[in-house]
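Notes follow once the structure below has been shown.
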Amino acid sequence: MGVGTKILEDRARGMLAMALAAYALDMPVAAILEADRSAEAALARGLSMYLAHVGFGMSLGRVSRVFGRD
């Protein structure tokens, strides 16, 4: 499996985690993707990142790259 494939899989996992968080919090996925700093959006992003890390076993470095966070 090449590096490009791994990146695509990580992005897919991240999108699935975002979709799950958005569904659980009854908000659109777009709200998670925006740079909005509201408490609701921050909670949804944090939940998405947690799901990607714990649920999919992604390292925190990989999670931060997928979500564009440091």
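The values are calculated or read from the model by the stated rules, or taken from the named source; none is laboratory data. Just so it is clear, the model here is predicted, and its values are computed rather than measured. FYI the Cβ positions are ideal-geometry reconstructions off the backbone, even for glycines, and counts take in every protein chain you see.
Would you confirm, using the coordinates I've provided, whether ARG65 is outside any loop (DSSP other than H, G, I, E, B) and crowded, with 18+ Cβ neighbours inside 10 Å? It would help to see each step written out before you state the result.
Details: outside any loop (DSSP other than H, G, I, E, B): yes; crowded, with 18+ Cβ neighbours inside 10 Å: no.
Taking the combined requirement at face value, the residue does not satisfy it.
Pick from GLY14, GLY4: which is modelled with pLDDT under 90 and not acidic (Asp, Glu)? Show your work before the answer.
On the way: GLY14 fails: modelled with pLDDT under 90.
Residue meeting the stated conditions: GLY4.
Among what's in the stretch 1-15 and is of a type in the set (Gly, Ala, Ser) and out of contact with any Phe, Trp or Tyr (no Cβ under 7 Å at 6 or more places or on another chain), pick the residue that is nearest to VAL63 (Cα to Cα). Outline the logic, then answer.
Just the residues of the stretch 1-15 that are of a type in the set (Gly, Ala, Ser), to begin with: 2, 4, 12, 14.
Applying the additional criterion that residues be out of contact with any Phe, Trp or Tyr (no Cβ under 7 Å at 6 or more places or on another chain) yields 2, 4, 12.
Working: GLY2: 18, GLY4: 16, ALA12: 11 Å.
Once the filter is applied, the top-ranked residue is ALA12.
Could you figure out which of (1) out of contact with any Asp or Glu (no Cβ under 9 Å at 6 or more places or on another chain); (2) within 23 Å of LEU8 (Cβ to Cβ) isn't true of ARG62?
Exception for ARG62: condition (1).
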